[in-house]
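Report on one structure; see the data block that follows.
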């Protein structure tokens, strides 16, 4: 066999192999990008940023009527506890407003959600710019075959068979976007971690980056243009933490409140009326992230105080009456 024939055969074998790999990945469709996605239940196995960005293309807008937005502080709000509301949690660990805006607006391209819940904390707007390369349009084509995709397959196997429960827990994510990171993040009792936080004079900043502030407003305006109701809440910090850094946090909350005036329903969980919650360390796993008990209570409060829960009850009652 001469060299030319060998090269031709090698090319055909390679091309055939590539076509088979692409066809398999198209059929599996790990992120709901290529086949019918309505009614599917898709979990997250690999990188949270990559996954939620890709899921926001079709899966999220096709199956959910509302979104939760924010950094890690809201990422473990488990909206699956309210399945009738169809709320997807698009919050991401470590995300700033630049990253959150890209993912949120991608979901908004193909949907007009009835409402969004936005977690307000200085972390979201203290800086701007991409923090990683994991939110990337190239990942769309990569979902047909890439190192990132095969890493996700590998981690799916690891999670499904619970091979590394301390690093990649089996049920860390659910199909509603909740990141149940509590077992991973908690390294010490919450009370001890809170004491560490208040002992560090630079632990909390109330700074709002001007570019980040503009990006935040662009995201809010995009939802308002779709007639989406905005429910924004100040994340409840442990009372000792908030009190220690009140000179920075009070101005932050004042600025954000003025900015969202007449644009959003605002809920302040650092208000003295919630002191019973913020003084109870069992509501936290560390200096700010909520425990299972804490996140369940806060999400219920958001739905109750915004009137969403009562509307759901009324809608269910009407549906039941009509069914009769």
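How much of the DSSP bridge set in the chain is antiparallel, in percent, rounded to the nearest 5? The partial results should precede the final answer.
Numbers: 2 of 19 bridges.
Given both bridge residues lie in the chain, the antiparallel proportion sits at roughly 10 percent.
Under a crude label model (7 Å from the Cα following the beta-carbon direction), how far is residue 183 from residue 300 in nanometres?
2.4 nm
Can you sort 125, 207, 50 by how many other beta carbons sit within 10 Å, fewest first?
207, 50, 125
Averaging sequence separations of C-alpha pairs under 8 Å and six or more residues apart, then dividing by the length of the range 165-297, give the relative contact order as a whole percent. Can you show the working numbers first?
Details: 122 pairs, mean separation 41.2, N = 133.
Computed value for the range 165-297: 31 percent relative contact order.
Contour minus end-to-end for residue 174 and residue 214, with contour as 0.36 nm per residue of separation and end-to-end as the Cα-Cα distance? Display every interim value, and only then the final one.
Numbers: separation 40, 0.36 × 40 = 14.40 nm, distance 3.19 nm.
Roughly 11.2 nm would be gained on extension.
In degrees, nearest 10, range 0 to 90: what is the angle between the Cα axis of helix 246-259 and the longest Cα principal axis of the chain?
For 246-259 against the chain, the angle is about 70 degrees.
Taking N as the number of residues in the range 1-66, what value does Rg over Cα atoms divided by 2.2 N^0.38 Å take? List each step's numbers first, then the result.
Values: Rg = 18.1 Å, N = 66, 2.2 N^0.38 = 10.8 Å.
Here the Cα radius of gyration is 1.67 times the empirical estimate.
Starting from the 7 Å offset along Cα-to-Cβ, what nm value, one decimal, do you get for the label separation of residue 126 and residue 167?
My value for the distance between the label points is 2.8 nm.
Just to confirm the number: angle between the C-alpha axis of helix 190-199 and the first principal axis of the chain, 0 to 90 degrees, nearest 10?
70 degrees
Quick one: compute a quarter of the convex hull surface over the Cα atoms of the range 137-205 and quote it in nm².
Numbers: hull surface 30.3 nm².
Average projection, Cα convex hull of the range 137-205: 7.6 nm².
For a quick size check, give me the Cα extents of the range 165-252 along its three principal axes, largest first, whole Å.
The Cα atoms of the range 165-252 stretch 44, 40, 21 Å along the principal axes, largest first.
Once label points are set 7 Å from the Cα along Cα→Cβ at both residue 15 and residue 225, what is their separation, rounded to one decimal in nm?
Reported label-point gap for residue 15 and residue 225 is 4.4 nm.
Between residue 7 and residue 138, what's the calculated FRET efficiency when r is the beta-carbon distance and R0 is 35 Å? Round to 0.05.
Values: r = 29 Å, r/R0 = 0.83.
After rounding to 0.05, the efficiency reads 0.75.
Report the relative contact order of the range 230-311, percent, no decimals, based on alpha-carbon pairs under 8 angstrom and at least 6 residues apart.
Working: 72 pairs, mean separation 30.1, N = 82.
The normalised contact order for the range 230-311 reaches 37 percent.
Provide the FRET efficiency to the nearest 0.05 for the residue 195-residue 257 pair, computing r from the beta carbons and using R0 = 22 Å.
Values: r = 29 Å, r/R0 = 1.34.
Working from the Cβ atoms, E equals 0.15.
In which sequence would 178, 7 go, from the one with the fewest C-beta neighbours within 10 Å to the one with the most? Provide the component values of the computation, followed by the final result.
On the way: 178 25, 7 10.
The order, fewest Cβ neighbours first, is 7, 178.
Order of 305, 8 from fewest to most other C-beta atoms within 10 Å? Please report the intermediate quantities before stating the final value.
Details: 305 15, 8 12.
Least crowded to most crowded, the residues run 8, 305.
Return one number: the angle in degrees, 0 to 90 and rounded to the nearest 10, between the long axis of the Cα atoms of helix 308-323 and the longest principal axis of the Cα atoms of the chain.
Computed tilt is about 60 degrees.
Express the Stokes-Einstein translational diffusion coefficient of the range 47-201 in µm² s⁻¹, to the nearest whole number, given a Kirkwood radius over alpha-carbon pairs, 37 °C and a viscosity of 0.692 mPa s.
On the way: Rh = 16.7 Å.
In µm²/s, the coefficient is 197.
No value in this document is a laboratory result; all are computed from the given coordinates. Every value quoted in this text rests on a predicted model; they were computed, and no experiment measured them. In this analysis, Cβ positions are derived from the backbone assuming ideal geometry, glycine residues included, and neighbour counts consider all displayed protein chains.
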